[in-house]
Each structure stands twice: as structure tokens, then as C-alpha cells.
Amino acid sequence: MPIIDVSLLTGRSDAELRGMIAAVHDAIVGSLGVQSETVRILVREVPPDRWAAGGETIEERRSRSGR
């Protein structure tokens, strides 16, 4: 049973998340040849003040760049 764990910044629409889930599911089924119902996908949405890169949070980086 494949378990796929996807971490994303918050802010995507339900439709975008649903599309990503479908695409990841199809890729796993097609590439591994597993049964569709055995695929598990966990989606973790992380707020930008809890995700850091290069020693600063994404929120800090966005604030600095004016976005």
C-alpha cells in the first residue's frame, strides 16, 4: 500500500488540491502498477509562518519582497 505524503503551503483552492490528488494518484497507479484503492495520499497544508527556507520563514520572505 503506497502512502504518499505531500506538504504544501496553505492557500490553494479545493479544486487545485483535488486535481493534485488525482494526478499523484494516477502517477502512482501507473508507475507502480498497484491497485487504485490501495493508494493513500496525505496532504499537509502548512502556514507560511511555519515553513522556512534559508533561515527565514516564507512569510518573512514574502513580506520582504512585498508579496
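General remarks:
- Residues satisfying the stated conditions in segment 1-26, i.e. free of Cβ contacts under 8 Å to residues at least 12 places away in the same chain and farther than 30 Å from residue 62 by Cβ: 26
- Note on segment 12-67: among residues that are surrounded by fewer than 14 Cβ atoms within 10 Å (Cβ to Cβ) and touching a helix residue (DSSP H, G or I) at 6+ places or on another chain (Cβ under 6 Å), the one that is farthest from residue 1 (Cα to Cα) is 49.
- Selection count where residues are part of a loop (DSSP other than H, G, I, E, B) and in contact (Cβ under 8 Å) with a residue 24 or more places away in the chain, scope segment 33-67: 4
- Within segment 44-67, considering residues that are within 15 Å of the chain's Cα centre (by Cα) and basic (Lys, Arg), the one farthest from residue 21 (Cα to Cα): 50
The numbers here are math on the coordinates, done by the rules we state, and not lab data. Model, not experiment: these values are computed from the prediction. In this analysis, Cβ positions are derived from the backbone assuming ideal geometry, glycine residues included, and neighbour counts consider all displayed protein chains.
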